[in-house]
């Protein structure tokens, strides 16, 4: 491909801009855009100078373009000594070499030549096919003639063999010629197809756009100055991605967990970010909102219903984490990806992200958890399987944002899970999938509703039975959790049936009942939970 040619209207000026080499040195990537910073130094004379930074992102937002200048070695310049008078973007269309008329005419002539060649080959192939079919017919007629000669008592084996060999040789030559023509036709058709694609791609002028930034500065004295240009571009985003590796150092000893976090970056802005400092931000900038339109709120009186309508709902128990220490308790707050505070995670090393729209991972966090607790947990209502879970404490000074986690165990990839926001030095847990050696069966039975005499209350008994079987020789300690509904009104009461509940276990404030089951090798265990739901006659819906 030839070098692109720039077509642009030249700006009326008596002095051409000075080329300024200002590469991208820092990029702050947000959820749907990026803030790009370019820096460079240049020697300027006194007075007004026009600087040109080439090959910037054509999609940059013009209103976000900012420029600053200061003497080299200083962070800020004195406006009375040096200042930026103007900064603007100049965009140009690119016309590729293949798009030029001369090249287009050459491609057209090449297509005509190939089309003529293809027509000749197809005609020759048709002739070869007919010749081959004719020779096949001659062979059949020769065999029939031999049969007729035999019927009349003529005996000439040598002549018959010679005739058949001559016909077979000619038929073989015709077949070989036809196959060669088939191959040539296929090759010319493929070449013509590729040529048509090139002609279609260069039929119109390319809409590729190049962009330059022109900065006009004024300096009171000659010297070396540092120039910074920053702008915001769309077409870039990032998401957190994590990796957890569980390593069992010695049998019988607690395992170790290596955790790493990366920023996965996508960008297709038209400029490559080579060896830049990346900052990953959770800030969500907005272009502003408009206040809602106010409308009249009409109040009216409605008679209270004599029937209390209730319904059961699923509510997820949400917390901010597992706590930094055993005695610390987390607040019951909904989880937020960035913990409710804007995070700016700086990559520890510089990275390169080309403008190809593909994902590129940049390391952010890596640590080894100190104490890792390995547990087998069972929540049969969600999944009839014993899940391997590890609980550990983050040793990172930075928070771990919500995102997917790749699970590595025993030297290989075992699955993928996800994690919520984890504050620095916070405890968190990771699920490693089901334990294949343990089988679980859960059954739920509900008795018929019964109403006591001379009472407005109705009772219904619920029974949950969980059975566990260990198919392996290694013993297991399983943390089993079941739940009972929690009532929020006085006319619905839920009571645990201690007579049918294993170990007379009691639920916590969230309605969760827990057991610790010691499951020996090839052993079995059974748990039972019973509770009674009592509701008043005025209650409907459950």
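Just so it is clear, none of the values below were taken in a lab; they were calculated from the coordinates. Please read these numbers as outputs of a predicted model, since none were measured by experiment. Backbone-built Cβ (ideal geometry, glycine too); neighbour counts: all protein chains shown.
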Task: Exposure proxy order (Cβ contacts within 10 Å, fewest to most) of 152, 231 - done: 152, 231
TODO: In nm, give the distance between the simple-model label positions of residue 52 and residue 538, each being 7 Å from the Cα along the Cα-to-Cβ direction.
DONE: 8.4
Task: Cut-off 18 Å, label 7 Å out along Cα→Cβ of residue 346, residues of the range 374-400 by amide N - done: 396-400
Open item on the list: Just to confirm my numbers, what's the Cα centroid distance between the range 112-141 and the range 21-91 in Å?
Closed with: 69
- [ ] Quickly work out the residue 296-to-residue 256 label distance, labels modelled 7 Å from Cα along the C-beta direction, and quote it in nm with one decimal.
- [x] 7.4
Open item on the list: Could you work out how much longer the chain between residue 471 and residue 264 gets when fully extended? Use 0.36 nm per residue separation minus the Cα distance between them, nm to one decimal.
Closed with: 70.4 nm
- [ ] Sort all Cα-Cα distances of the chain into consecutive 20 angstrom bins from zero, then give the percent of pairs in each bin up to the one containing the longest distance.
- [x] 13, 25, 24, 22, 13, 3, 0
- [ ] Mind jotting down a quarter of the surface of the convex hull over the alpha carbons of the range 99-201, in square nanometres, one decimal?
- [x] 7.3
- [ ] For the range 233-296, just say rounded, prolate or oblate: build the C-alpha gyration tensor, square-root its eigenvalues into a ≥ b ≥ c, call rounded for a/c under 1.5, and beyond that prolate if a/b exceeds b/c, oblate if not.
- [x] oblate
TODO: Under 1.5 on a/c is rounded, so check that first for the range 414-534, then, if it is not, pick prolate when a/b is larger than b/c and oblate when it is not; a ≥ b ≥ c are the square roots of the alpha carbon gyration tensor eigenvalues.
DONE: oblate
Task: Residues residue 91 and residue 111, FRET efficiency given R0 of 56 Å [Cβ-Cβ distance, rounded to 0.05] - done: 0.95
TODO: Report the extension gain between residue 460 and residue 197 in nm, rounded to one decimal, defined as 0.36 nm multiplied by the number of residues separating them, less their alpha carbon distance.
DONE: 87.3 nm
TODO: Can you tell me how much longer the chain between residue 32 and residue 245 gets when fully stretched, taken as 0.36 nm per residue apart minus their C-alpha distance, in nm with one decimal?
DONE: 73.7 nm
Open item on the list: Run the simple label-point estimate for residue 72 and residue 445 please: 7 Å along Cα→C-beta, distance reported in nm.
Closed with: 8.8
Task: From the C-alpha gyration tensor of the range 367-451, square roots of 5λ in Å - done: 33, 17, 11
Task: For the chain, calculated [θ]222 nm from helices alone, where every DSSP H run of n ≥ 4 adds -39500 (n - 2.57) - done: -6500 deg cm²/dmol
